Amino acid sequence: MYRVAVGRDFTAQHYLIGGDWGPENDWHSHHYRVEVCLEGAELDEHNYLVDILEIEAALEALVERYRDATLNDLPEFSGENPSVELFSRLFAHAFSERISAPNISTVIVTIWENQIAWASYRLDRV
């Protein structure tokens, strides 16, 4: 199984809802780090799993959507607690839609919300 990954940093804001999480209930910023990892069993005719430039373009487009945004204000988070777990799932699905390589079997998105805390979501493409 082959893997290729690309990462980016960005800042976004959110506030947690639906519980009492102290200061996390107040609007605040996170310096996020996102890594997208793609897996597949076969390389293409150029011996790529997928061209890194395609990964970078898809990743940058998504990062631009979230950069400096308040996650709670975006439609995909409407009425939802914008946890890093939910964020990683939403990001994985949105990223997968932007990658056309037929040999990709899995998309794994890991998002760090600070230097020590992260969540990951694995999307198996059928």
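Values quoted throughout were computed directly from the atomic coordinates according to the rules given, and no laboratory measurement underlies them. It should be emphasised that the depicted structure is a prediction, and the values quoted were computed from it without experimental measurement. Cβ coordinates were reconstructed from backbone atoms using ideal geometry, including for glycine residues, and neighbour counts include every protein chain displayed.
Listed values, structure above:
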read-out	value
Sole residue being of a type in the set (A, V, I, L, M) and under 14 Å from ALA12 (Cα atoms), chosen from ILE104, ILE116, ILE55, ILE111	ILE111
Residue within the range 27-47 that is among the polar types (S, T, N, Q), out of contact with any Lys or Arg (no Cβ under 9 Å at 6 or more places or on another chain) and assigned to a helix (DSSP H, G or I) present	no
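Yes/no per residue for (1) in a loop (DSSP other than H, G, I, E, B); (2) among the acidic types (Asp, Glu):
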{"position": "THR11", "(1), (2)": "no, no"}
{"position": "GLY19", "(1), (2)": "yes, no"}
{"position": "VAL50", "(1), (2)": "yes, no"}
{"position": "ARG65", "(1), (2)": "no, no"}
{"position": "ASP68", "(1), (2)": "yes, yes"}
{"position": "GLU97", "(1), (2)": "no, yes"}
